[in-house]
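The values are calculated or read from the model by the stated rules, or taken from the named source; none is laboratory data. This structure is a prediction, so every number in the text was calculated from the model and none was measured. Glycine also receives a Cβ, built like all others from the backbone with ideal geometry; neighbour counts cover every protein chain displayed. When the accessible area is computed, the model is the full protein with side chains, heavy atoms only, and any ligands, DNA or RNA have been set aside. Shrake-Rupley method; radii C 1.70, N 1.55, O 1.52, S 1.80 Å.
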Amino acid sequence: MNLLDELRTHRLMAIVRGPDPAAVLAAVLTLAESGVALVEVSMTSADALGIIRRARAALGPDFALGAGTVLSAEDARTAADAGAGFLVTPAVAPSLAEGGRLGLPVLAGALTPTEVVQATDGGATAIKLFPASLGGPDYLGALRDPFPGTAFVPVGGVDADGARRYLDRGATAVGVGSPLLGDAVTGGDPTALRERAAAFLAAVRQ
């Protein structure tokens with residue numbers, strides 16, 4: 001899977017985490033059915049590896065399903081074994097190098113210019129600008145000046161309106177968690193999740 005191409009094409013990555021494995025899996029499948037083509041399952045979810053395995057079995061080998069909050073090299077290995085096609089980290093962490101060793105693309109977390117350089121030098125496919133809410137779209141715009149060729153994916157506090165603003169300031173894609181998932185990860189209404197997915201997809205496709 002070419003993660004950079006997927007980010008450029010689809011522009012929206014869903015971040016799914018929650019305490020109820022069945023509800024989290026159902027949310028992942030609902031998102032996929034709703035047209036969300038990139039989904040990250042956070043390793044902080046209950047039975048995250050089981051969710052990834054079952055989602056991979058249901059969605060097939062080509063769906064862009066990744067593991068998030070991957071910090072250690074062991075996390076990277078177990079996520080890969082479960083079927084994750086890419087890794088997402090909240091920071092420059094040992095999982096970045098291990099992802100490279102495993103041949104998996106890594107969306108590596110960074111906030112400052114120094115961290116962007118460290119993540120890029122470490123082999124990151126793209127930079128997860130996190131937490132994006134600290135600086136907002138203007139901060140992303142400032143980072144784009146010294147790093148014009150870097151693919152940035154803002155994550156943290158991104159709602160549908162904010163998604164469009166980040167994209168207008170040069171983001172390759174946006175990563176969205178609770179503003180998209182809402183209560184779906186605790187068994188909420190799947191129809192409401194489909195409606196939120198449609199709103200986000202419309203925002204990133206403008």
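A few remarks follow.
- Rounded FRET efficiency, nearest 0.05, which uses the C-beta distance separating D183 from D121 and R0 of 41 Å: 0.55
- Remark: segment 70-76, residue by residue, has Karplus-estimated 3J(HN,Hα) of 8, 10, 9, 4, 5, 4, 4 Hz, where x stands for each Gly or Pro and the curve is 6.51 cos²θ - 1.76 cosθ + 1.60 at θ = phi - 60°.
- Cα pair distances of segment 132-179 binned at 10 Å [whole percent]: 30, 59, 10, 0
- Within the accessible area of segment 48-206, the carbon and sulfur atoms contribute 53%, probe 1.4 Å, all protein chains present.
- Averaged per residue, the chain has 40 square angstrom of accessible surface, using a 1.4 angstrom probe with ligands and nucleic acids left out.
- Segment 173-196 versus segment 89-113: alpha-carbon centroid distance in Å: 26
- Rounded if a/c under 1.5, otherwise prolate or oblate - segment 1-116, Cα gyration tensor axes: prolate
- Extending 7 Å from the Cα toward the beta-carbon at both F147 and A202 defines two label points whose distance is 3.3 nm.
- Using heavy atoms of the protein chains and a probe of 1.4 Å, the accessible area assigned to F63 is about 40 Å².
- Cβ-Cβ FRET estimate between A192 and D161, R0 fixed at 25 Å, reported to 0.05: 0.85
- Inter-label distance, D81 to A58: 2.4 nm, where each label sits 7 Å from its Cα along the C-beta direction.
- Mean ellipticity per residue at 222 nm, deg cm²/dmol - from DSSP H runs of n ≥ 4 across the chain, formula -39500 (n - 2.57): -14000 deg cm²/dmol
- D168/D20 FRET efficiency (R0 41 Å; Cβ-Cβ; nearest 0.05): 0.70
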